[in-house]
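Before any comments, here is the structure.
Laboratory data are not the source of any read-out in this text; all were calculated from the coordinates shown. It should be emphasised that the depicted structure is a prediction, and the values quoted were computed from it without experimental measurement. Glycine gets a Cβ as well: all are built from the backbone with ideal geometry, and neighbour counts include every protein chain shown.
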Amino acid sequence: VDGNFIEGVLCTRKRVGYASVLFYASWCPFSHRILPEFETLSSMFPQVEHVALEQSSALPSLYSKYGIHSLPAILLVNQTSRVRYHGPNNLNSLVEFYARNTGLEARDKVVVGELSDLLSDEHSTIKGFSLGEISRREPYLALSILFLCLRIILSVFSTIMPHLKAFWSSYVRHLSLQKLGQVMERVLNVMDVRIWTKLELCKSRSFHERAKSARVWASSLASVSLGDSSAR
């Protein structure tokens with residue numbers, strides 16, 4: 001399918017005033033969710049030609065011509081204009097989009113409630129998938145999500161890092177130096193006290209040893225003096 005496909009649909013089917021084209025991908029779970037809605041829309045708006053194009057069946061020229069850069073996407077076109085749907089992927093919003101741009105009314109509005117229940121079941125089924133199942137079934141989707149998460153983490157990290165550096169420079173560094181100075185002061189005080197205590201002990205021990213030596217020397221001198229006097 002090339003870039004002229006939609007014009008061909010409008011030209012060959014003159015009775016069709018509008019055509020609604022769904023661009024989807026088989027590997028995308030969001031595309032699986034919107035496919036039932038699109039089928040219901042085709043029954044609610046039979047005046048509109050509905051065409052679903054899978055990603056692999058369309059050439060890049062078709063996507064570039066209509067500015068389709070993300071999937072799924074719904075494009076409502078006629079001979080003179082084209083409008084892309086930007087909104088939540090629920091049936092009520094899509095019905096309002098159709099009615100606003102085509103002026104047509106939905107044929108059966110009861111289907112809206114039925115499909116809403118179906119979508120809630122689909123949503124619960126998708127939520128029930130584990131990360132392992134999603135990565136095994138849709139590896140490209142898992143890689144895309146991982147890439148987006150890494151981009152978000154890098155952007156947040158690059159935003160926070162300057163603030164962390166400024167906080168470190170203004171508060172933490174000075175606080176660390178202040179604490180280090182307090183610790184060093186305490187260590188020096190403890191070492192000073194221990195050194196002075198050892199010096200006092202050494203002085204006291206030296207004094208006692210000297211006093212003891214003096215007493216021994218005095219007693220020895222007294223003994224010598226008494227010996228000399230008795231010899232005389």
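Taking other C-beta atoms within 10 Å as the exposure proxy, Lys65, Lys198 rank Lys198, Lys65 from fewest upward. In a fully extended conformation the segment linking Ala142 and Arg186 would gain 10.2 nm over its present Cα-Cα distance, using 0.36 nm per residue. Amide H contacts for His50 (H built 1.01 Å from N in the peptide plane; partners 5 or more residues away or on another chain; cut-off under 5 Å): Ser20.
Listing Thr102, Thr197 from fewest to most neighbouring C-beta atoms within 10 Å gives Thr197, Thr102.
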